[in-house]
1. Tell me, what % of the accessible area of the range 168-289 is carbon and sulfur with a 1.4 angstrom probe?
2. Setting aside same-chain residues fewer than 8 positions from Lys20, which aspartates and glutamates have a Cα under 16 Å from its Cα?
3. Which parts of the range 186-230 would a label at Asp180 reach, counting a residue when its backbone N lies under 14 Å from a point 7 Å out along Cα-to-Cβ?
4. Please list, or write none, the lysines whose alpha carbon is within less than 23 Å of the alpha carbon of Lys125, excluding same-chain residues fewer than 8 places away.
5. Return the sequence-ordered ³J(HN,Hα) values of the range 257-266 in whole Hz as given by the Karplus equation 6.51 cos²θ - 1.76 cosθ + 1.60 applied to θ = phi - 60°, using x for Gly and Pro.
6. How big is the chain by the Kirkwood estimate over distinct Cα pairs, in Å?
7. Amide H to amide H under 5 Å from Ala12: which residues, 5+ apart in sequence or cross-chain, H placed 1.01 Å off N in plane?
8. Could you grab the relative contact order for the chain? Cα pairs under 8 Å, six or more apart, rounded to a whole percent.
Amino acid sequence: MDRQWHDLSRTAGLSGLYLKAARKRRISGDPLPSGGLHCAIAVDTARLQAYRKLCHFADDSHLPATFPHVMAFALQLQLLTAPDFPFPLLGLVHINNRIRVLRPLGGVSGLRFSVFVENLQAHEKGATFDLITEAEDGLGLIWTERSRMLCRGLQLASEPATEEAPQPLPLSELTRWYADSDIGRRYAKVCGDYNPIHLSAATAKLFGFPQAIAHGMWSKAMALAAVRGHLPLSGYEVEVAFHKPVRLPSEVVLHASAVAPDGQFRLAGHGALQHMVGSWHTLHESSRPA
């Protein structure tokens with residue numbers, strides 16, 4: 001596809017983007033826009049420090065693997081609230097996230113981001129598309145993210161795709177943590193994601209949730225911080241599927257497989273409640289961009 005790129009000198013303000021999101025409540029079509037956005041974004045050292053503390057990442061010289069997602073969040077919102085984007089932002093559900101760290105994220109002061117959407121597919125609950133975010137430094141592509149989003153209420157003529165589940169590995173408890181009632185507000189303050197379903201029980205009920213729920217990317221970040229000893233500095237990917245939301249407040253338990261080039265983990269609540277399942281894989285040379 002010949003994508004038309006729009007180069008931005010800076011991202012739009014979050015308050016204006018959220019206002020645009022609140023105004024759009026209906027699906028206006030199904031073709032995805034063919035354009036994308038470019039923008040260079042500097043690392044905010046104060047935000048990075050707050051993010052490390054919030055998500056339990058070590059204070060070292062490398063960006064946490066999930067931090068470029070935070071850096072690009074406003075740019076993603078700008079794409080998803082543009083006039084040619086057909087779906088209402090507040091109705092989207094983040095169901096899967098894959099991050100690839102292609103080269104070490106050390107000594108990074110800024111990155112040039114690209115965001116676009118693709119791969120509209122039928123789903124049993126509506127339709128999904130992929131929000132793609134790529135980051136480059138002076139040497140080229142260093143980090144990529146694919147966020148799979150579900151748009152409920154959109155029906156496509158094609159059949160939903162089926163994916164084969166990987167063979168499960170033996171898991172044992174690695175750690176556990178308590179997701180307190182204000183973690184959604186604290187994450188929003190650091191990362192800018194003020195989706196009402198995360199902020200309070202009162203605002204979550206407006207969207208059909210009995211309680212506020214934790215951000216999925218906070219859960220992924222906490223899991224990555226916990227399995228950091230399992231991962232190399234670069235040349236790997238971590239993919240998660242979000243299942244049952246983490247209602248606030250609640251305790252969650254992270255189980256993980258043994259240290260190995262490829263592994264799996266699971267975030268669960270008490271009983272059989274499964275919040276998130278994930279895996280990490282070493283990237284072979286054939287799977288890395290030239």
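1. The value for the range 168-289 is 57 percent carbon and sulfur by accessible area.
2. In chain and number order, the partners are Asp84, Asp193.
3. What the label zone holds, given the 14 Å backbone N cut-off, is 186-187.
4. Lys24, Lys205, Lys244
5. Here the 3J(HN,Hα) series is 7, 5, 4, 6, x, 10, x, 9, 8, 8 Hz.
6. Numbers: mean 1/r = 0.0507 Å⁻¹.
Evaluated on the chain, it is 19.7 Å.
7. Under 5 Å from the amide H of Ala12 lies no amide H from a residue far enough along the sequence or on another chain.
8. Numbers: 593 pairs, mean separation 49.5, N = 290.
The normalised contact order for the chain reaches 17 percent.
The values are calculated or read from the model by the stated rules, or taken from the named source; none is laboratory data. No experiment lies behind these values; they were computed from the predicted model shown. Please note: Cβ atoms are built from the backbone with ideal geometry, for glycine as well, and neighbour counts cover all protein chains shown. Remember, those area values only see protein heavy atoms, side chains included, never the ligands or the DNA or RNA. Shrake-Rupley method; radii C 1.70, N 1.55, O 1.52, S 1.80 Å.
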